[in-house]
């Protein structure tokens, strides 16, 4: 009998290509692994309160592209739940951005991120505009030896597809690294493209969107690893 995993997608589904690609990637990667899966999108404005009751029935969380979210604070609440309770987690594009913001809010305790009128969709101390927009671009990623991401990929570099124009502010990146994050992948000039928390079983954020290049014939390694981690999590706590 195939294992079943329940995946929560943090985001406001609106049928954009990256949202469709997320659903398709989860589906065909699960099929590749011989898993059954249920995927449920969680609107960010439903995550403002009562998070533990809403979230503890899932096996893994994916924070999807799609900024601006209806509630940045709701998205950060769900990321906090996944991080603190060691659920398998992946954040892509806008999800990467909100991983950075959640860490600023809940680990470093920076007060401006906690304010309800904080606007994460403009350049700030944590997120900055990329020097060159990566919307619709495919670029090379260099994997950092010794990281979980490098182990998953099994290669030194990979071509990945983007649809973003914001990244982590370099000065704030240093604070994140000092408090536990690891830069697991960069572009060819050293700018951060993958972040991971090594003390979590699977907590990875990518500025690119692996779902855009994943196909049934060639499922993306990161998504396969994410779903394997979800299966292990479910078996551990069933």
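Assorted remarks:
- Of the candidates 75, 82, the single residue that is closer than 22 Å to residue 14 by Cβ, more than 9 Å from the chain's Cα centre (by Cα) and in contact (Cβ under 8 Å) with a residue 60 or more places away in the chain is 75.
- Of all the listed residues (53, 37), the sole one being surrounded by fewer than 24 Cβ atoms within 10 Å (Cβ to Cβ), free of Cβ contacts under 8 Å to residues at least 12 places away in the same chain and over 18 Å from residue 197 (Cα atoms) is 53.
- Within the option set 11, 95, being closer than 15 Å to residue 197 by Cα and in contact with a strand residue (DSSP E or B) (Cβ under 7 Å, 6 or more places away or on another chain) holds for one residue only, 95.
Here's the yes/no breakdown for (1) out of contact with any helix residue (DSSP H, G or I) (no Cβ under 9 Å at 6 or more places or on another chain); (2) at pLDDT 90 or above; (3) buried (at least 21 other Cβ atoms within 10 Å of the Cβ); (4) closer than 17 Å to residue 176 by Cβ:
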| residue | (1), (2), (3), (4) |
| --- | --- |
| 95 | no, yes, yes, yes |
| 102 | no, yes, yes, yes |
| 106 | no, yes, no, yes |
| 109 | yes, no, no, yes |
| 112 | no, no, no, yes |
| 122 | yes, no, no, no |
| 133 | yes, no, no, no |
| 142 | yes, yes, no, no |
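- Within the span defined as the range 205-228, one or more residues are outside any helix (DSSP H, G or I), more than 13 Å from residue 99 (Cβ to Cβ) and within 11 Å of the chain's Cα centre (by Cα).
- Condition check for residue 78: within 23 Å of residue 218 (Cα to Cα) and at pLDDT 90 or above: no
- Among the candidates 197, 212, the residue that is within 20 Å of residue 67 (Cα to Cα) and modelled with pLDDT of 85 or more is uniquely 212.
The values are calculated or read from the model by the stated rules, or taken from the named source; none is laboratory data. Note that the coordinates shown come from a computational prediction; the quantities given were computed from them, not determined experimentally. Glycine gets a Cβ as well: all are built from the backbone with ideal geometry, and neighbour counts include every protein chain shown.
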